[in-house]
Structures are given as structure tokens and as C-alpha cells.
Amino acid sequence: MEALFNLVPILLIVFAVGAAVALVRRSRRVNDAWTRGITAQARCVRTYTTTSGGGNNTVHTTLHHVYEFTTRDGRLIRFDEEDGPSTTVEGDIVTVHYLPERPEHATAKPPARAKLAATTCGAVLFLAVFAAFAVFLMIAWNSDGSMP
């Protein structure tokens, strides 16, 4: 039973670190596309929504856009992006930013570096507090076998 009290916080810490790494990678990828990338005109070929939650939980709806563009070397790229503007509809032409070596990681979001940094830092800070709480639980359980 004591192993369970150590295993659960360790799994929570691993989850928090993995999520933080994924967030930072995605943030860097988008920032690189804005900073070092090139632009192309893309057409919105589809929009759709996904929902999560329900029952006793709050329902959250996410708007997705599917864009299609041609790279400078002639490749046709199609990508899906979450949380785009609700004013973009099928058939609209938008500017996308992408790195020539990774066009499948394009973004149609307009450059907003401060917003990207703030949301990434906020999410990583939340995950750090989450991991610190897991460490606190592990220390508390191992100190004398009882919770404070």
C-alpha cells in the first residue's frame, strides 16, 4: 500500500513534466513559424467543432479549421488548427506561416508573441504548482505515514 502512495505522486509528476515539455515544444514551433518562417496564401477548406465534457461537467466546444496551401516547392499541404477565429469560414483565404522544412506544422494564427508567451508561461506555471503539490504529498505520506 505504501508503494501506491509513492507511485501516484510520481505518475502525476511525470504527467506534469510531459505536458510542460509538449506545451513548450508547440510554443516554440509556432514562434519559429512566425519568426523564421515564410508565408503563403491558404484556403479554409473545412470548419468543424468538437465538444468535451457533459453530464455533470461543463461542456467545452473547440472550433477547428482545416487549411490547404501550396508550398514554394509545389507541395500541397493540408493541416488542422484549433481555436482559430470564428469569423473564418470555408472558402476564406488566409495567410499561413510555416518553416520550409516543416510545412505540416504551419499556423494560420496571426503573430501574437506576447500572448503566446503569456499563455505558455501560465500553463507551465500551473503544471509546476501541480508537480510541487505531488511532491508535497509524497513527502507528507513518507514523513510519518499520516497526512498533515
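Mind listing whichever residues of region 117-148 are buried (at least 18 other Cβ atoms within 10 Å of the Cβ) and closer than 30 Å to Glu68 by Cβ?
The one that is buried (at least 18 other Cβ atoms within 10 Å of the Cβ) and closer than 30 Å to Glu68 by Cβ: Thr120.
Count, please, the residues in region 87-116 that happen to be within 24 Å of Leu23 (Cβ to Cβ), in contact (Cβ under 8 Å) with a residue 12 or more places away in the chain and of a type in the set (Gly, Ala, Ser).
Within region 87-116, residues that are within 24 Å of Leu23 (Cβ to Cβ), in contact (Cβ under 8 Å) with a residue 12 or more places away in the chain and of a type in the set (Gly, Ala, Ser) number 2.
Just checking, how many residues over region 30-76 are of a type in the set (Phe, Trp, Tyr) and in contact with a helix residue (DSSP H, G or I) (Cβ under 8 Å, 6 or more places away or on another chain)?
Total satisfying the criteria: 1.
Report yes if Ala140 is modelled with pLDDT of 90 or more and farther than 20 Å from Leu63 by Cα, otherwise no.
Answer is no for this residue.
Those residues that are at pLDDT 95 or above, closer than 11 Å to His97 by Cα and surrounded by 15 or more Cβ atoms within 10 Å (Cβ to Cβ), I need them from region 35-49; list them, please.
Answer for region 35-49, where residues must be at pLDDT 95 or above, closer than 11 Å to His97 by Cα and surrounded by 15 or more Cβ atoms within 10 Å (Cβ to Cβ): Ala40, Ala42.
For region 9-50, which positions are more than 30 Å from Thr71 (Cα to Cα) and either acidic (Asp, Glu) or touching a residue at least 24 places away in the same chain (Cβ under 8 Å) (or both)?
Pro9, Ile10, Leu12, Ile13, Ala16, Val17, Ala19, Ala20
The values are calculated or read from the model by the stated rules, or taken from the named source; none is laboratory data. Source: prediction; values computed, not measured. As a convention, Cβ positions derive from the backbone with ideal geometry for all residues, glycine included, and neighbour counts pool all protein chains shown.
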